[in-house]
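Reviewing the structure listed below.
The values are calculated or read from the model by the stated rules, or taken from the named source; none is laboratory data. Because the structure is a prediction, the values reported are computed rather than measured. Quick reminder, even Gly has a Cβ in these numbers, built from the backbone with ideal geometry, and neighbours come from all protein chains shown. Please note that ligands, DNA and RNA were not included when accessible areas were found on the heavy atoms of the full protein model with its side chains. Shrake-Rupley method; radii C 1.70, N 1.55, O 1.52, S 1.80 Å.
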Amino acid sequence: MNAKRKLLAGACALAAILSGAVIAQTDRPEIPAALEARIGGLTKEKREFLVSDKAEGFAGSFDKLFQRLSTKTPQEIDAYIEAMMDSVEAAKFHPGKDMGEIALDTENEDFNGWKAMRPKGLDPRREPGPFELSYYANGRGAGMYAGGIATFAGAPVAIYPDDLVAGKVDVAIVGAPLDMGSGYRGAKGGPSAMRSQYGAGGVDMYTMVDPSKELNIVDYGDIAIDNMSTERSVQHVRERVAEIARTGAIPFIVGGDHSLEYADVAGLADVHGKGSFGVVHFDSHYDAGKGGVHFITHGAPVYRAVKEGHVLGRNYIQVGLRGSWPGAEGFEWMRDNGVRYHAMPEVEKSGWQVVMERALKEARESGKKLYVSFDVDVLDPAFIPGTGTPVAGGLTMREAIPIVRRLCAENELVGFEIVELAPVLDPTYRSALNANTIMHACLTGVAMRRKGIRQVGYLSDLTTEHGQPGNGERAAKAGKAEKVDPNFGRRKPI
């Protein structure tokens, strides 16, 4: 069962019990007098179970549970409670019966073959540094004149860390086609879809900054994934993200599902230090699920990153939460751990502009470097139909673009990820295009910071003010205005 869906089904009692996602109970319910009269013969153990959160889970609420039992005889009530207790017991791990770990054949000579680096000696000798993959001088990537081999943002390619160092690379965009952390497959297609679609390159009209001109950007290929194991894969992703960061380049990771956030954050913490940076987490789900069987899924990276100390809870900012998960216990967990959150109910209450400025201010005033984690399902499904766990009522592109651009411009960025794009679920190119546009917004922010643009909320005067009629009149006097030619476009005789 899909990890997020399972956790979202916290309203579905049995799923919550069997997953082990049990919420600690603080207040015992009052048993109705009519029911009390029928349970006098229960053992102490069964009576305590009846008022436990586990028992509540089977019906969804104590009111519903007590109502069900009120129509039964004392013997039927006893049997009902015993059946619930048996079910809870059956859900537990039983040594000698259950498989507690997945064995791997460590004697297999190809144990690490999936991630073994290709020896440089197998290829023609070349000087370290980025290189182009296109036959054509001007046509590359996925634009109007696309040609050659598609790359992220139409950028040149780098393969090894010494390519990044020699090329003084500012941003290394790397694919991580992992979708084993989700019950819904398809996110592994994210990197190839974004490479094949336009939107990640060119000038940003809002600021008139072109990231490709200001930054040395490369496509660093895809990180190898063991498609039979999320656990093995995230460890290797962690190694490769750290590899990029150690060269001084900023890793931009294109997923893949959101399990990657744990690996990406941990890899950056290995280089920058635990607790040294904050995270702004865009998502319709809070992804701090705990209590499940698996320690890492796409619904649990935030919890594991905080639990292991890579990022402190007080340095997390959540944006865009909505839907049926988390419930009250999730928000209490965030409050208890200092997490700042801006859910869509806050947007409905205060308006997006107010909420956006709050989140931006929190990020700036933290004094920490910043990592941006962008799950595309934070956007409304109208803009991203190609994702595995869409939730209605999300951000629009017009709301998402400026906050991402500003976060990446107004803070020292240590990394960026965009995840959960599942292009197979979208018969159009809308999802991949919008995902590229979000990544371009962050690239623009990094480029603005490189250019020294530190004005909060900066926008270009050229594109925000037409300045007429003054500009037109001055241009006419200076002879700069376009001269009318009635014969323009007519074929001239040969």
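Which whole-number value in Å² is the accessible area per residue of region 288-442, probe 1.4 Å? Provide the component values of the computation, followed by the final result.
On the way: 5860 Å² over 155 residues.
Per-residue value: 38 Å².
Hey, any idea what % of region 120-273's accessible area is carbon plus sulfur with a 1.4 Å probe? Write out the running numbers ahead of the final one.
On the way: 3540 of 6610 Å².
So the carbon and sulfur contribution to the accessible surface is 54 percent.
Using the 2.2 N^0.38 Å rule of thumb for compact globular proteins, work out how region 61-132 stacks up: its C-alpha Rg over that value, please.
Numbers: Rg = 29.6 Å, N = 72, 2.2 N^0.38 = 11.2 Å.
Rounded to two decimals, the normalised Rg is 2.65.
Given only helices, namely DSSP H runs of n ≥ 4 each adding -39500 (n - 2.57), what is the per-residue ellipticity at 222 nm of the chain, to the nearest 500 deg cm²/dmol?
Details: 20 runs with 187 residues, N = 494.
It lands at -11000 deg cm²/dmol.
Would you please give the residues with an amide H less than 5 Å from that of VAL209, counting only those at least 5 places away or on a separate chain, with H modeled from the backbone geometry?
When sequence neighbours closer than 5 places are left aside, the close amide H contacts are ASP204.
Of HIS294, HIS285, HIS466, HIS272, which has the most accessible area with a 1.4 Å probe, and how do the rest follow in descending order? The partial results should precede the final answer.
Details: HIS294 115, HIS285 0, HIS466 135, HIS272 70 Å².
Final ranking, largest accessible area leading: HIS466, HIS294, HIS272, HIS285.
Could you give the dipole magnitude of region 45-204 about its Cα centre, charging the beta-carbon of Lys and Arg +1 and that of Asp and Glu -1, in debye to the nearest 20?
Details: 18 positive and 24 negative charges, 144 e Å.
Rounded to the nearest 20 debye, it is 680 debye.
So if a site counts as exposed when it's one of the trypsin sites (Lys or Arg not before Pro), its DSSP state isn't H, G, I, E or B, and it has at most 12 other Cβ atoms within 10 Å, what's the longest stretch of the chain without one?
Working: sites that count: LYS92, LYS97, ARG125, ARG126, LYS168, ARG454, LYS480, LYS483, ARG490, ARG491.
Formally, the longest exposed-site-free interval is 169-453.
Which of the lysines could a cross-linker bridge to LYS188, judged by Cα under 16 Å and excluding same-chain residues fewer than eight apart?
Reachable lysines: none.
Taking the Cα centre of region 319-444 as the origin and placing charges on Cβ (Lys, Arg +1; Asp, Glu -1), which of VAL424, ALA343, MET397 is farthest toward the positive end of the dipole?
Sorting the options by dipole projection puts first MET397.
Could you pull out which residues in region 274-292 have an amide N less than 20 Å from a spot 7 Å beyond the Cα of ARG314, following the Cα-Cβ vector?
Correct set: 274-281.
On alpha-carbon atoms, Rg over Rh for the chain using Kirkwood Rh?
On the way: Rg = 27.3 Å, Rh = 25.3 Å.
Taking Rh as the inverse mean 1/r over Cα pairs, Rg/Rh reads 1.08.
Pop the C-beta distance of LYS92 and GLN455 into the FRET formula with R0 = 45 Å and round what comes out to the nearest 0.05.
Numbers: r = 58 Å, r/R0 = 1.29.
About 0.20, to the nearest 0.05.
How large is ³J(HN,Hα), in whole Hz, for each residue of region 110-125 in order, when computed from phi with the Karplus curve 6.51 cos²θ - 1.76 cosθ + 1.60 and θ = phi - 60°, using x for Gly and Pro?
Rounded to whole hertz, the list is 9, 4, 10, x, 5, 10, 5, 6, 5, x, 4, x, 7, 10, x, 5.
Which residues' amide hydrogens lie under 5 Å from the amide hydrogen of TYR341, considering only partners 5 or more residues apart or on another chain, with H built in the peptide plane?
Those qualifying (amide H under 5 Å, at least 5 residues apart or on another chain) are GLN318.
Estimate the FRET efficiency between VAL165 and MET397 by the formula 1/(1 + (r/R0)^6), using the beta-carbon distance for r and 41 Å for R0, to the nearest 0.05.
It comes out at approximately 0.70.
Could you pull out every whole DSSP H run in the chain that spans at least 20 Å of Cα extent along its own axis and averages -0.5 or higher on the Kyte-Doolittle scale?
74-90, 430-451
Accessible area, 1.4 Å probe, largest first: how do HIS94, HIS342 sort? Don't skip to the answer; put the middle values down first.
Values: HIS94 50, HIS342 10 Å².
Solvent-accessible surface, decreasing: HIS94, HIS342.
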